[in-house]
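The values are calculated or read from the model by the stated rules, or taken from the named source; none is laboratory data. As the structure is a prediction and not an experimental result, all values here were calculated from the model. With ideal geometry, Cβ positions are generated from the backbone for all residues, glycine too; neighbour counts draw on all protein chains shown. Heavy atoms of the whole protein, side chains included, go into the accessibility calculation; ligands, DNA and RNA do not. Shrake-Rupley method; radii C 1.70, N 1.55, O 1.52, S 1.80 Å.
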Amino acid sequence: MMENKAIGVDLGGTNIRIAEINSYGEIVYFYSEKVPAGRQAQLDTIKKCIEQLLSSEIKAVGLGFPGRVRRADGTAVTAGYLDLKDIPLVSFIMEITQLPTYIDTDANMALYAEMQLGSAVGAREVALLTIGTGIGGAIASGGKLFYGSNYAGQLGHINVDKDGETCNCGRKGCVETKSSGTALNRLLASSSLSPDMRVEELLVLDSQGDKTAHSVLSEWITPLRSAMDTIAAVLNPELILLGGGLGGVAFQVLQKLSVRGSAWFEYEVRACSLGDSAGVIGSGLMALSMIGENA
Ligand SMILES: [Zn+2]
């Protein structure tokens with residue numbers, strides 16, 4: 001029997017991940033490639049990857065984008081680490097595929113997947129922090145993604161230090177400048193530890209009583225807890241999810257160091273369970289739901 005599927009694209013600053021997703025959110029085929037530098041090369045790579053997966057069973061395309069997007073006309077507004085600012089990506093993809101195409105932030109796509117199949121199944125009030133090179137965010141309320149006027153959920157820009165480092169957004173001391181992977185690398189570089197040390201190794205050292213490892217972990221994770229408390233103060237979510245490349249280890253560090261915020265703010269914390277696949281699964285499932293194909 002012919003099955004309707006979608007192409008899910010998760011465009012990152014380093015890799016483009018692309019998958020054929022069926023209506024159960026299963027990955028039928030997966031492919032990933034490095035993202036080149038330069039606008040035309042980046043567009044050519046997106047085109048080539050999508051063309052490889054086109055077939056008569058593919059009915060829609062979903063794209064998770066690592067920057068702010070204007071969903072009304074499918075345009076990238078800010079492009080983070082990519083060179084795609086102001087590109088009408090939805091039109092670009094529809095010209096290639098002639099298929100309905102949907103764009104959203106990578107964090108919204110990941111949260112959508114976690115709510116359908118992952119750590120947030122059954123939860124209705126959820127915030128997601130994706131911790132990688134930067135920190136992204138997404139919010140669901142009443143079981144649906146929450147957009148505000150358009151761009152809600154920029155949780156990496158919650159301020160935790162008014163005198164901190166300058167952030168991409170132009171302010172100082174956003175949690176992204178304190179608790180991202182980039183911030184962790186900076187903390188390691190200014191310590192006596194190896195700059196390539198992984199969080200898992202820091203946790204082992206911390207267990208052995210290493211004070212430097214403990215202070216690096218503490219400086220890295222405490223601002224994150226502070227931002228989570230601010231999210232709780234504003235949204236009162238039942239659940240805060242930690243995802244992205246460092247979400248799982250950030251969750252472990254929070255547990256291990258028993259970093260507590262104020263008892264005022266109560267919420268459950270979980271690590272995302274779909275890992276790197278959340279972006280392509282969410283993109284594919286969202287595209288299928290937009291054309292009325294739900295499992
Ligand atoms: Zn910022």
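Could you give the alpha-carbon Rg of the range 72-168 over 2.2 N^0.38 Å, rounded to two decimals?
Numbers: Rg = 15.2 Å, N = 97, 2.2 N^0.38 = 12.5 Å.
Its radius of gyration relative to the 2.2 N^0.38 Å reference: 1.22.
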Along each of its three principal axes, how wide is the spread of alpha-carbon positions in the range 136-208, in whole angstrom units, largest first?
46, 29, 16
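Measure up 85/211; 48/172; 48/178; 47/144; 5/34; 47/172 against 32 Å on the Cα-Cα distance and list the ones that go over. Numbers along the way, then the final one.
On the way: 85/211 43 Å; 48/172 39 Å; 48/178 37 Å; 47/144 30 Å; 5/34 24 Å; 47/172 37 Å.
Checking Cα-Cα distances, 85/211; 48/172; 48/178; 47/172 exceed 32 Å.
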In the full protein assembly as shown, how much of residue 229 is accessible to a 1.4 Å probe, in Å² to the nearest 10?
20 Å²
Relative contact order %, the range 190-255, counting alpha carbon pairs below 8 Å whose residues are six or more apart:
30 percent
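What's the carbon and sulfur percent of the range 122-273's accessible surface, probe 1.4 angstrom, rounded to a whole number?
Details: 3590 of 7360 Å².
C and S fraction of accessible area: 49 percent.
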Tell me, in nm to one decimal, what length is gained between residue 200 and residue 149 on full extension, where the rule is 0.36 nm per residue of separation less the Cα-Cα distance?
14.4 nm
To check my understanding: the extent here is largest minus smallest coordinate of the Cα atoms along each principal axis. What are those three numbers for the chain, in Å, largest first?
59, 40, 35
To the nearest 20 Debye, how big is the dipole of the chain about its Cα centre, given +1 on the beta carbon of each Lys and Arg and -1 on that of each Asp and Glu?
520 debye
Taking the dipole of the chain about the Cα centre (Lys, Arg +1; Asp, Glu -1; charges at Cβ), the one of 217, 112, 203 that reaches farthest to the positive side is 217
Sequence-distant or interchain residues sharing an amide H contact under 5 Å with residue 174, placed H: which?
160, 167
Using eta = 1.306 mPa s and T = 10 °C, Stokes-Einstein with Kirkwood Rh from Cα pairs puts D for the range 122-273, in µm² s⁻¹, at 101 µm²/s
Among DSSP beta bridges whose residues both lie in the range 122-273, state the antiparallel percentage, nearest 5.
55 percent
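Can you give me the accessible area per residue for the chain, using a 1.4 Å probe, in Å²? Write down the numbers at each step before the final one.
Numbers: 13330 Å² over 295 residues.
Here the per-residue accessible area is 45 Å².
Work out how much length residue 162 to residue 30 would gain on full extension: take 0.36 nm times their residue separation and subtract the Cα-Cα distance, in nm to one decimal.
43.3 nm
Charges at C-beta only: +1 for Lys and Arg, -1 for Asp and Glu. How large is the resulting dipole of the range 122-273 about its Cα centre, in Debye rounded to 20? Working shown, then result.
Numbers: 13 positive and 15 negative charges, 51 e Å.
That gives the range 122-273 a dipole magnitude of about 240 debye.
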Over the Cα atoms of the range 1-137, compute the convex hull volume and normalise it per residue, giving Å³.
112 Å³
Between 148, 169, 246, whose Cα lies farthest towards the positive end of the dipole of the range 122-273 when Lys and Arg beta carbons carry +1 and Asp and Glu beta carbons carry -1, centred on the Cα centre?
148
Most fluctuating residue given options 205, 53, 84, as computed from a GNM of the chain linking Cα atoms under 10 Å
205
Using helices alone, what [θ] at 222 nm do you get for the chain, with -39,500 (n - 2.57) per DSSP H run of 4 or more residues, divided over all residues and rounded to the nearest 500?
-11000 deg cm²/dmol
